[in-house]
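One structure is given below, encoded as structure tokens.
The values are calculated or read from the model by the stated rules, or taken from the named source; none is laboratory data. Because the structure is predicted, anything quoted here is derived from the model rather than measured. Here the Cβ positions follow ideal geometry from the backbone for every residue, glycine too, while neighbour counts run over all protein chains shown. Side chains included, ligands, DNA and RNA excluded: accessible areas come from the protein's heavy atoms. Shrake-Rupley method; radii C 1.70, N 1.55, O 1.52, S 1.80 Å.
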Amino acid sequence: MNELRIEYMTSAEIGDAIADGARTAILPLGAVEQHGRHLPLSMDADHADELAVRVAHDLGGALVLPTVRVGYSPHHLGFPGTLSLRASTLEAICEDYSAHLAASGFERIVLFSGHIGNYPVIRDFELRLADKLAPLSVIVFTDSEAILDAWRWAAEDVASLGGNVGGHADVAETSVMLALHPDKVRVERFARGHSGMVDKGLLDRAFREGISSISPNGVLGDPAGASPSIGAACLDAVTSLIVQHARARGA
């Protein structure tokens, strides 16, 4: 059986997979928020969908839970269409998604986000979630800085465009969407956004004051030069980060 996403499987198929050794559930988090004028609001959720299946394949013995498509995005609410959950709501959803997994035979859950903005919330609730879900083992990937570094390395390695990575609707995210859903990318609307260094201080300001205070067009970085090959390299690099973390924690 090639299908690993439980929403597309029957209950009997899931039971058979668990009986055959599937003990890990993958919980991907996304977002529905603005991504400049050239990318759809589904960018982070689509990204999380793909990463989850890749992580499950690489880990083995894993099935994928439905992506939590709306995330924590208050810093994008100045742009039309953005949706945002309260941090407490996102935490409660993760708990509710996972509450009955142990009773079904799962032993652990691996949680990560395709949306950088979810990571402060994830870091805050990681220990609480682990306590509430015991005896289910909770493995949470929290290193958003490693993701940005992986994107820079991938863009530089493939096309010497590491400098165009800013973390939002940039060459990396645009390339990921070109690799996954090229029909969703408005190539004619590419525009550079904030082009300075994206560090913790800048991200903290974005969370406090909104991303529009830093980038009026909602872009951090530059989508110029985006390509499916860069997207594939970004997906490979981030998948590897999550898998390595999960294996180090016993998955």
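Separation of segment 209-233 from segment 3-53 is 24 Å, based on Cα centroids. With a cut-off of 10 Å between beta carbons, the residues surrounding V219 carry a summed charge of -1, where Lys and Arg count +1 and Asp and Glu -1.
What part of the accessible area of segment 112-245, given as a whole %, is carbon or sulfur when the probe is 1.4 angstrom? List each step's numbers first, then the result.
On the way: 2910 of 5690 Å².
About 51 percent, which is the carbon plus sulfur part of the accessible surface.
Around R128, with a cut-off of 9 angstrom between Cβ atoms, what is the net charge of the other residues, counting Lys and Arg +1 and Asp and Glu -1?
On the way: positive: K132; negative: E91, E95, D124, E126, D131.
Net of charged neighbours comes to -4.
Normalising the average separation of contacting C-alpha pairs (under 8 angstrom, six or more residues apart) by the number of residues puts the relative contact order of segment 48-124 at 29 percent.
Surface analysis of segment 59-100 yields an accessible area of 45 Å² per residue, using protein heavy atoms and a 1.4 Å probe.
Ordering 101-107, 151-157 by mean Cβ neighbour count within 10 Å, with the highest value first, yields 151-157, 101-107.
The spacing between segment 137-189 and segment 89-110, judged by their C-alpha centroids, is 28 Å.
With r defined as the distance between the Cβ atoms of L77 and E7 and R0 fixed at 30 Å, what FRET efficiency is calculated, to the nearest 0.05?
Details: r = 29 Å, r/R0 = 0.95.
About 0.60, to the nearest 0.05.
Note that segment 219-225 has calculated 3J(HN,Hα) couplings of 10, 10, x, 9, x, 4, x Hz, one per residue in order, obtained from phi through the Karplus relation 6.51 cos²θ - 1.76 cosθ + 1.60 (θ = phi - 60°); glycine and proline are x.
Considering only DSSP beta bridges where both residues belong to the chain, give the percentage that are antiparallel (nearest 5). That works out to approximately 15 percent antiparallel.
Considering only segment 1-111, what is the antiparallel percent among its DSSP beta bridges, to the nearest 5? Each step should come with its number before you reach the end.
On the way: 1 of 11 bridges.
Beta bridges within segment 1-111, antiparallel portion: roughly 10 percent.
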